[in-house]
Each structure stands twice: as C-alpha cells, then as structure tokens.
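Accompanying notes for the structure given below.
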Amino acid sequence: MERRIFAAGSVLTGLGVVFGAFGAHALEASLTPKMLSTFETGVRYQMYHGLGLLALAWAISRWPERRVVPAAWLLLAGTVVFSGSLYLLVLTRARWFGAITPIGGVALIVGWGFVAWRLGVPTPSEE
C-alpha cells in the first residue's frame, strides 16, 4: 500500500509543478492579483500534501502496525477537493466552488490529526 501512497504523492507534486507553471505563465496576465493568489494557494497546498504523502508512505513502511493508511486517503481526497475547488473557482469564475473548499480543508485536518494520533500515541508494547 505504501507504494500506491508514494505514487499518489508523486503525482500530486508533479501536477503541482505543472499547475504552478500554468498559473505563473498562462494565467498571470488574465487574472486579478487576488485570483492569482487563490490559484497559488491551491498549488501550495497541493505541493505540501503531495510531499506529506511521500513522507507518510515512508512512515507506513517504517511502522506498518500503526495503520495510518486511512489518513493517506483523507489527505489525498482532501487535497483534490481543496486545491481542485480553488482551481475551478479561478478558472470558471463560479464562486460556489469556494463553498466546497472547506470540505477539503476539514479532510486535511482530520487526516493529519489521524496521523498524529496513530503515530504519536505509544502502543501497549512500547510503554
């Protein structure tokens, strides 16, 4: 499973580079500074969480008994919803996509909370 999570993190970071370049070169002249900043926020969060998935894949290989795979799916889904809704908001100018963004943010918060809980709390054999 850690290979799939590593691959997902790799895809997110690779696409983050593509979207970042697209925003900087193709969109810069046609967007207001506020909309460009919104797009860049989506790219930044995508990159952070793609790198986070790479680290999580390593953690899963290091501590397989900790069962943090559900967190990886929350992080992946949260990133797609959070960053994706920001991209769609900017590209389509449909403001209602902004209402979806917090759902992705909550998934990211819950995912990282799950990681902290599963990796931070000692098991009975570690006490």
- Please identify, among TRP58, TRP112, TRP96, the residue showing maximal mean-square fluctuation in a Gaussian network model of the chain using a 10 angstrom Cα cutoff. TRP96
- Note: TRP63 to THR41 extended length (0.36 nm per residue) minus current alpha-carbon separation gives 4.7 nm
- Task: Grab the other residues whose beta carbon is less than 12 angstrom from that of TRP117, score K and R as +1, D and E as -1, and report the net.
- Result: +3
- Which helices pass in the chain if a helix is a full DSSP H run, must span at least 20 angstrom along its long axis by Cα, and must have mean Kyte-Doolittle hydropathy not below 1.6? 69-92
- Please work out the average accessible area per residue across region 1-84, using the 1.4 Å probe convention, and give it in Å². 55 Å²
- Query: What FRET efficiency, computed as 1/(1 + (r/R0)^6) with R0 = 35 Å and r the Cβ-Cβ distance, is obtained for HIS25 and ARG4, rounded to the nearest 0.05?
  - Reply: 0.65
- Note on the structure: Per DSSP, the loop-located trypsin sites (Lys or Arg not before Pro) within region 36-127 having at most 13 other beta carbons within 10 Å are ARG67, ARG93
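The values are calculated or read from the model by the stated rules, or taken from the named source; none is laboratory data. Worth saying up front: this structure is predicted, and the values here are computed from it rather than measured. Here the Cβ is made from the backbone with ideal geometry for all residues, glycine too, and neighbour counts use every protein chain on show. Please note that ligands, DNA and RNA were not included when accessible areas were found on the heavy atoms of the full protein model with its side chains. Shrake-Rupley method; radii C 1.70, N 1.55, O 1.52, S 1.80 Å.
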